[in-house]
Amino acid sequence: MNIRPARVSDVPGIYEQIRVFADQKLMIRRSMAELYESIREFFVAVDDENRVVGCVALHVFWQDLAEIRCLAVAEHVQNSGVGRQLVDACWESARELEIKSVFALTQAGGFFERCGYHPIEKSELPSRIWNECVRCPLFPECNELAFIRSSEPEPGVEALVANQAAAVG
């Protein structure tokens, strides 16, 4: 299995991975246009035949905060470490970008805890992250949990939110 930054040619495979979970109401559906526009946010897992068998995106919100989005792994390779490798690729990318904290909204809390993330209250996250919620098939009855990982001792998400609010004005 190879984990690498996504290429434009990977978009149909990314679309298919996301579609499977969106059809189960476990993920927000993404259009092909959205995927092409955000291709630089994505990492993919490809098999020996260069087929996309997993994907994930790292979406930057602010100078010190990013979100893991669109984590999808094909059923036949689940529980083989592919999801963990994709999440780790996002974490490493955040480090390279000097982003201190990465969060995820997920129904797979145990998985993210095993990846080094810890639970937080969703209300602690900045309000601007909720823009896509209306697109969620479960809106407004959200059953996702929030998890975060930080490279520094937790100053508290409140500090992240305060910094963003002050900068936005």
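Scan segment 8-20 for residues that are within 14 Å of A57 (Cβ to Cβ) and open to solvent by 40 Å² or more (accessible area, probe 1.4 Å) and the total you get is 1.
Kindly indicate whether V87 is open to solvent by less than 20 Å² (accessible area, probe 1.4 Å) and among the β-branched types (V, I, T). Yes: the conditions hold for V87. When the residues of segment 48-76 are filtered to those that are among the acidic types (D, E) and touching a residue at least 60 places away in the same chain (Cβ under 8 Å), the one that is surrounded by the fewest Cβ atoms within 10 Å (Cβ to Cβ) is D64. One residue stands out in segment 103-139 among those that are in a loop (DSSP other than H, G, I, E, B) and more than 19 Å from C70 (Cα to Cα): the one that is modelled with the highest pLDDT, namely E121. Within segment 18-47, residues that are part of a loop (DSSP other than H, G, I, E, B) reach partners that are open to solvent by 70 Å² or more (accessible area, probe 1.4 Å) with beta carbons closer than 6 Å, at six or more positions or on different chains, in the pairs I28/R135.
When every residue of segment 70-81 is checked against the conditions, at least one turns out to be in contact with a strand residue (DSSP E or B) (Cβ under 7 Å, 6 or more places away or on another chain) and assigned to a helix (DSSP H, G or I). In summary, N79 fulfils each of the numbered conditions (1) modelled with pLDDT of 95 or more; (2) of a type outside the set (D, E); (3) open to solvent by 10 Å² or more (accessible area, probe 1.4 Å); (4) out of contact with any helix residue (DSSP H, G or I) (no Cβ under 6 Å at 6 or more places or on another chain) with the single exception of condition (1).
The values are calculated or read from the model by the stated rules, or taken from the named source; none is laboratory data. Please read all numbers here as calculations on a predicted model, not as lab measurements. Don't worry about glycine lacking a Cβ; one is built from the backbone with ideal geometry, like all the others, and counts go over all protein chains shown. Ligands, DNA and RNA are stripped out before the accessible areas are found, and what is left, the full protein with its side chains, is counted by its heavy atoms. Shrake-Rupley method; radii C 1.70, N 1.55, O 1.52, S 1.80 Å.
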